[in-house]
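The values are calculated or read from the model by the stated rules, or taken from the named source; none is laboratory data. This structure is a prediction, so every number in the text was calculated from the model and none was measured. All Cβ positions, glycine included, derive from the backbone under ideal geometry; neighbour counts span all protein chains shown.
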Amino acid sequence: MSGKPDYRVWDQRTDGLRDTLREAGFDIDTRDVIQPGDCHAEDGERAMQQLLAGGRPLPTAIFCHSDEMAFGATAVLRAAGLRCPDDVSIAAFDDHPMSRWWGLTTVSQHAHEQGVRAAHAMIKAVSGDGNGSEKNPPADLKVELRVRDTTGPAPEPS
């Protein structure tokens, strides 16, 4: 391992967002796509500061690759006197336990259930009870959008 973070999952999330928006007739200005860093709150702070300092109009909605990034981005917006969703909507991914308290719109990927399934698979593999080909694989976990207070209709143009 090189020590360099693998951003494949972040690229997939960005591509999925971009593809879905294009299918709906919208597009993302590539100047508004800021690299995620390690997807911590500090990375969200840095990205939002960079977006605000860019001198361009703020997008009507922002998608963060993780809830933690959204926490940092939201803190910068608040410090700048901007509000969600009145000035800009923010949505993220992960459904972090604190997302409920922040009122963050997020995508739940059922991380706890993923962990349970991974632990069962690992135990099965190391105990010799499985060879990787299950007769009855578990049902797919569906992601769920949890709409909360940080998203709303786009602000009216000034």
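Key figures
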read-out: Filtered residue count, the range 53-82, keeping only those that are modelled with pLDDT of 95 or more and more than 15 Å from W10 (Cα to Cα); value: 12
read-out: Scan of the range 61-94 for residues that are more than 27 Å from D27 (Cβ to Cβ) and in contact with an Asp or Glu (Cβ under 7 Å, 6 or more places away or on another chain), ordered by number; value: A75
read-out: Failed item in (1) surrounded by 14 or more Cβ atoms within 10 Å (Cβ to Cβ); (2) of a type in the set (V, I, T); (3) out of contact with any helix residue (DSSP H, G or I) (no Cβ under 6 Å at 6 or more places or on another chain), with I90 passing the rest; value: (3)
read-out: Any hit, the range 8-29, residues being surrounded by 14 or more Cβ atoms within 10 Å (Cβ to Cβ), aromatic (F, W, Y) and in contact with a Pro (Cβ under 6 Å, 6 or more places away or on another chain); value: yes
read-out: Selection from the range 123-151 of residues that are surrounded by 11 or more Cβ atoms within 10 Å (Cβ to Cβ), more than 18 Å from D67 (Cβ to Cβ) and at pLDDT 80 or above; value: I123, K124, A125
read-out: Matching residues in the range 14-37 - criterion: being within 18 Å of the chain's Cα centre (by Cα), in contact (Cβ under 8 Å) with a residue 12 or more places away in the chain and in a helix (DSSP H, G or I); value: T14, L17, D32
read-out: Residue count, the range 61-87 (criterion: of a type in the set (G, A, S) and either surrounded by 15 or more Cβ atoms within 10 Å (Cβ to Cβ) or touching a Pro at 6+ places or on another chain (Cβ under 8 Å) (or both)); value: 6
